[in-house]
Every structure is written in structure tokens, then in C-alpha cells.
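The values are calculated or read from the model by the stated rules, or taken from the named source; none is laboratory data. Being a predicted model, the structure only gives us computed values, none of them experimental. Here Cβ is always computed from backbone atoms with ideal geometry, including for glycine, and neighbour counts include all displayed protein chains.
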Amino acid sequence: MSARLLEGKLLAADIKAGIKSGVESLRARYNVSPKLVSIQVGENPASAVYIRSQKKNAEGLGIEYRLERLDEGSPRQALIEAIDKLNKDRTVNGIMVQMPLPPQIEAGFISRYISPLKDIEAMHPQNMGEIVFGNAKVLPCTAAACMELLNSIDSLDLYGKEAVIVGHSEIVGKPLALLLLNKFVTTTVCHIATGERGSLPEFVKKAEILIVAVGRAGLIKGEWIKEGAIVIDVGINRVDGRLIGDVEFEKAQERASYITPVPGGVGPLTVAMLMKNLVEAFKLQQQLYT
Ligand code: NAP
């Protein structure tokens with residue numbers, strides 16, 4: 001068997017076309033474009049690529065994009081004040097803070113200062129909590145991207161399937177586990193302790209759906225993949241100047257039914273999900289203000 005590629009790039013193009021026409025009708029109705037403001041503290045080169053991509057994607061969809069910069073040495077309070085100003089600005093519909101932040105600011109706490117209505121990364125505890133109730137209006141982008149990829153497989157009925165997620169981060173593994181549970185997928189979450197106990201192969205081998213978000217090249221061996229499994233590789237690792245995922249791609253492709261390439265799999269969809277959240281936030285705010 002050679003797995004079919006789940007190409008996020010193609011799916012993202014379809015989703016973005018839908019967002020673009022949605023933005024045009026919103027502009028026709030409200031006479032204003034949705035606006036996203038991103039805050040960067042310092043000048044970490046790792047953020048520069050994402051910022052360029054966000055700006056290009058936003059502007060290509062008719063979304064206004066502005067970057068606000070704070071000095072590298074800014075205290076936490078300066079970032080909180082900048083967020084608060086944007087929370088109060090009715091012309092701003094979405095706010096995001098670029099990661100990584102300098103060491104004096106703990107990243108985990110910052111999302112709670114963004115108004116839940118403008119939290120387009122869906123990391124505010126209120127938006128996270130809504131996922132538990134199956135009631136979320138915006139979803140954490142990478143977790144949502146994984147769900148879009150699964151939903152793009154016509155023949156797949158998620159009900160009762162057995163999924164394994166490797167990685168329990170706040171931005172990917174944890175919200176994804178809830179999204180899968182909400183679809184009645186029997187979901188196992190593996191993490192560092194699973195790896196340390198040596199049980200990772202055992203869990204991976206049982207997965208009908210395997211989603212890996214760790215950030216360790218080749219962590220998941222091709223021979224662990226269950227015949228016919230669906231494999232979503234979120235990991236991005238730079239090895240010898242090349243981007244690769246967490247799964248041994250070639251060997252896994254021989255056993256899986258579907259697999260995401262890296263790059264070109266989850267990544268392009270993540271930014272599409274961000275823009276989708278922004279449009280949703282815009283609509284919620286218009287309902288509230290008008
Ligand atoms: P993270 O916050 O570092 O989380 C990694 C997770 O993997 C943690 O839960 C960690 O457990 C777990 N882990 C570490 N070593 C393990 C092992 N040997 N066995 C099992 N689990 C292990 O990373 P993240 O932000 O979720 O990102 C993960 C990867 O996805 C990175 O490569 C990142 O670049 C990529 N990513 C891609 C996109 C995209 O759009 N394609 C978006 C976001 C992230 P502990 O916390 O307990 O150590």
C-alpha cells in the first residue's frame with residue numbers, strides 16, 4: 001500500500017477562497033474589512049517567517065493586517081497594556097501575540113489578557129473551556145487544521161474510531177483530544193512519560209488515526225504504523241537544511257492509507273484556520289455592537 005497524501009496546501013486554498021468571498025460580503029454589508037493586529041516583542045527571527053506569511057495571507061483575503069512592535073526588554077505589564085488598548089479599540093477584530101516571547105514574559109499567561117471575542121488563536125481559557133462543552137466559536141488553529149484534514153477524507157466516519165495523539169501541548173494535543181472526543185472518537189493521548197516508559201510503539205501500533213505533534217524528527221518509526229492508518233504529522237523539524245516531520249515518512253507511507261507531507265500538510269491549513277477565526281470574531285463583534 002502507498003498512502004494517499006493529505007495535502008493541506010490544496011485544502012487551504014479551497015478554505016481561503018471561501019474566506020475571501022465571505023470577507024467581500026462582510027465588507028459590502030458593514031462597509032469595513034476585518035482587521036487583525038499582531039504584537040511582536042523584540043525581533044526573534046523565528047517569528048519573522050510567520051509574520052510575513054500572516055500578512056501575505058491576510059492581505060490576500062481582504063483582511064487588514066497591522067504589526068505592533070514592543071522593545072525586546074519590555075516588561076510583561078507593557079504587553080498587557082498594549083493588548084488592553086487593542087481590546088478596547090472597536091476597529092480591531094482580532095489580536096495575536098507572536099511567539100516566542102522574551103524570557104521576562106511567561107507565554108502561558110498572556111492569552112488570558114486578550115478579550116475572548118478577539119482571541120483568534122483561541123487560547124483564552126474561556127475559548128478553551130468552550131471546547132469541553134462542544135460550544136466553541138473559534139478553535140485553536142493547529143488542532144482545527146488536523147480536524148479539517150480528517151474531515152476532508154470522504155470515506156471516513158469518525159464515530160467510534162480509535163485515535164492516538166502523541167504530544168499533549170496546550171496548543172495542539174490537548175484541544176485536539178477534546179475535538180476528537182466531541183466526535184465520539186476513542187482517543188488516547190501519549191506524552192513524554194509514555195515515551196519514557198517505552199510504551200509509545202505499543203500505543204501507536206493500535207492507532208487507526210495517528211496525530212503526532214512533538215517536534216522530534218523520526219520519533220515515530222514507520223514500522224509502528226498500523227496498516228491502513230491515517231497519519232497526521234504536525235511536527236516541523238529542520239534537519240540538514242530540510243524540513244521534516246516527526247514520523248518516518250517513506251516507511252509510514254507504505255503502511256498508512258492517508259498521510260500528511262511535511263511541509264505542505266498541516267502548516268498551510270493552520271494559517272487558514274487563523275483567518276477563519278478572525279472572520280468568525282468579526283461577525284460575533286458586529287452582532288454585539290449593532
Ligand atoms: P511542545 O509544546 O513542545 O509540545 C511537544 C509535546 O510532545 C509535549 O507534550 C511533550 O511532552 C511531548 N513529547 C516530548 N518528547 C516526547 C516523546 N519522546 N514521546 C512522546 N511525547 C513527547 O510543542 P508544540 O508547540 O505542540 O509543537 C509540536 C511540533 O509541532 C513542533 O515541531 C512544532 O514546530 C510543530 N507545530 C506545527 C504547527 C503547524 O502548523 N504545522 C503548529 C504548531 C506546532 P512534555 O510537555 O510532557 O515534555
For the structure I just gave you, tell me whether Pro116 is touching an Asp or Glu at 6+ places or on another chain (Cβ under 7 Å), under 17 Å from Met273 (Cα atoms) and not hydrophobic (A, V, I, L, M, F, W, C). no
Regarding Pro268, is this residue within 16 Å of the ligand (Cβ to nearest atom), of a type outside the set (Val, Ile, Thr), in contact with a helix residue (DSSP H, G or I) (Cβ under 9 Å, 6 or more places away or on another chain) and assigned to a loop (DSSP other than H, G, I, E, B)? no
For the stretch 57-70, state whether one or more residues are touching a Gly at 6+ places or on another chain (Cβ under 9 Å), outside any loop (DSSP other than H, G, I, E, B) and not aliphatic (A, V, I, L, M). yes
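Per-residue answers, yes or no, for (1) surrounded by 15 or more Cβ atoms within 10 Å (Cβ to Cβ); (2) modelled with pLDDT of 95 or more; (3) assigned to a strand (DSSP E or B):
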residue	(1), (2), (3)
Ser21	no, yes, no
Val37	yes, yes, yes
Val49	no, no, no
Arg52	no, no, no
Lys85	no, yes, no
Pro103	no, no, no
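Suppose the filter is in a helix (DSSP H, G or I), touching a strand residue (DSSP E or B) at 6+ places or on another chain (Cβ under 6 Å), at pLDDT 95 or above and under 26 Å from Lys221 (Cβ atoms); does Ala177 pass it?
For Ala177, the condition - in a helix (DSSP H, G or I), touching a strand residue (DSSP E or B) at 6+ places or on another chain (Cβ under 6 Å), at pLDDT 95 or above and under 26 Å from Lys221 (Cβ atoms) - is met.
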Right, Phe133: at pLDDT 95 or above and either on the phi < 0 side of the Ramachandran plot or crowded, with 22+ Cβ neighbours inside 10 Å (or both) or not? yes
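With part of a strand (DSSP E or B) and more than 30 Å from Gly22 (Cα to Cα) as the only criterion, which of Thr187, Thr194 stands out?
One residue alone meets the criteria, Thr187.
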Picking from Glu7, Glu64, Glu68, which residue would you name as being touching a residue at least 60 places away in the same chain (Cβ under 8 Å) and among the acidic types (Asp, Glu)? Glu7
Test of understanding: among Ile171, Ile165, which residue is among the β-branched types (Val, Ile, Thr), assigned by TED's automatic domain parsing to the domain that holds Met147 and closer than 17 Å to Trp224 by Cβ? Ile165
Single condition Leu6 does not satisfy, out of (1) surrounded by 13 or more Cβ atoms within 10 Å (Cβ to Cβ); (2) in the same structural domain as Ala78 (by TED's automatic domain parsing); (3) not hydroxyl-bearing (Ser, Thr, Tyr): (2)
Lone qualifier among Glu280, Glu250 - being farther than 30 Å from Leu117 by Cα and either of a type in the set (Asp, Glu) or part of a loop (DSSP other than H, G, I, E, B) (or both): Glu250
If you go through the stretch 214-223 one residue at a time, do you hit one that is modelled with pLDDT of 95 or more and away from the ligand (no atom under 14 Å from the Cβ)? yes
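Scan the stretch 224-234 and tell me whether some residue there is modelled with pLDDT of 95 or more and more than 14 Å from Val204 (Cα to Cα).
The answer is yes; a qualifying residue exists.
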So in the stretch 197-213, with the set limited to residues that are free of Cβ contacts under 8 Å to residues at least 24 places away in the same chain and in contact with a helix residue (DSSP H, G or I) (Cβ under 6 Å, 6 or more places away or on another chain), which one is farthest from the ligand (Cβ to nearest atom)? Lys205
Select from the stretch 160-218 the residues that are under 26 Å from Arg238 (Cβ atoms) and of a type in the set (Asp, Glu) and list them in ascending order. Glu170, Glu196
Counting just the residues of the stretch 185-196 that are near the ligand (Cβ under 10 Å from one of its atoms) and under 20 Å from the mean Cα position of the chain (by Cα), which one comes out surrounded by the fewest Cβ atoms within 10 Å (Cβ to Cβ)? His191
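Looking only at the stretch 224-247, filter to residues that are in a strand (DSSP E or B) and basic (Lys, Arg); which one of those is nearest to the ligand (Cβ to nearest atom)?
Selected residue: Arg238.
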